[in-house]
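Report on the structure given below.
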């Protein structure tokens, strides 16, 4: 009898959630948050013109239309930018390349995306949890670096037509929609982005120009909040 009571309570709770959930919880949301680089995107490699991303900001417009209470198809449009970790780059130059008193100036990494895919949602009229797995296009603008050391001066630009690289990207995560008034709610989200980009550009060192191809994994964990309309 003791083992049946918890099972009964769980079953009753699940039935209540399903019954209370909106018939079709369509939504649209506007979000802002932080972007945290992961793995190779964060690490400074031997190719100083790749990696070394720092924490940045993320912005998105997202929405989904539902076929039933649980399954929807939606899209996520937005961008996230990450600064360059200048301190880590300088440390790499000084420790591994014997280049003391180095200075670096750099733009930001800028990533724009358009993703589509399924949403799976559970909850009530007041709280809804969304799971998603999306795929689409992710475009990355690689920063231009100016590196100066005590022994030489290196100018490392990427030509205009090759600043941006694009490839298939993936976006998966979880959202929490909390009702405020009427159809308006507050949304919390945690999601990850991943893509593999290839940059082909020119590297100029002391007046010598060389062609360079850089493979760069773009991977971030984004945390954010925003306003959501559920209808």
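Every read-out reported here was derived from the displayed coordinates using simple, explicitly stated rules and does not represent laboratory data. Everything quoted here is computed from the prediction, not taken from an experiment. No Cβ is skipped: glycine too gets one built from the backbone with ideal geometry, and neighbour counts run over all protein chains shown.
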Going through segment 181-199 one residue at a time, which ones are over 17 Å from residue 130 (Cβ atoms) and surrounded by fewer than 13 Cβ atoms within 10 Å (Cβ to Cβ)?
181, 182, 198
Looking at (1) closer than 17 Å to residue 189 by Cβ; (2) free of Cβ contacts under 8 Å to residues at least 12 places away in the same chain, find the lone condition where residue 80 falls short.
(2)
Criterion first (crowded, with 17+ Cβ neighbours inside 10 Å and under 26 Å from residue 225 (Cα atoms)) does residue 102 satisfy it?
no
Collect the residues in segment 35-61 that are without any contact (Cβ under 8 Å) to a residue 40 or more places away in the chain and part of a strand (DSSP E or B), keeping them in residue-number order.
54, 55, 57, 59, 61
Please go through segment 73-89 and give me each residue that is assigned to a helix (DSSP H, G or I) and surrounded by fewer than 15 Cβ atoms within 10 Å (Cβ to Cβ), ordered by number.
87
If a residue must be within 27 Å of residue 88 (Cα to Cα) and surrounded by 22 or more Cβ atoms within 10 Å (Cβ to Cβ), how many such residues does segment 24-55 contain?
7
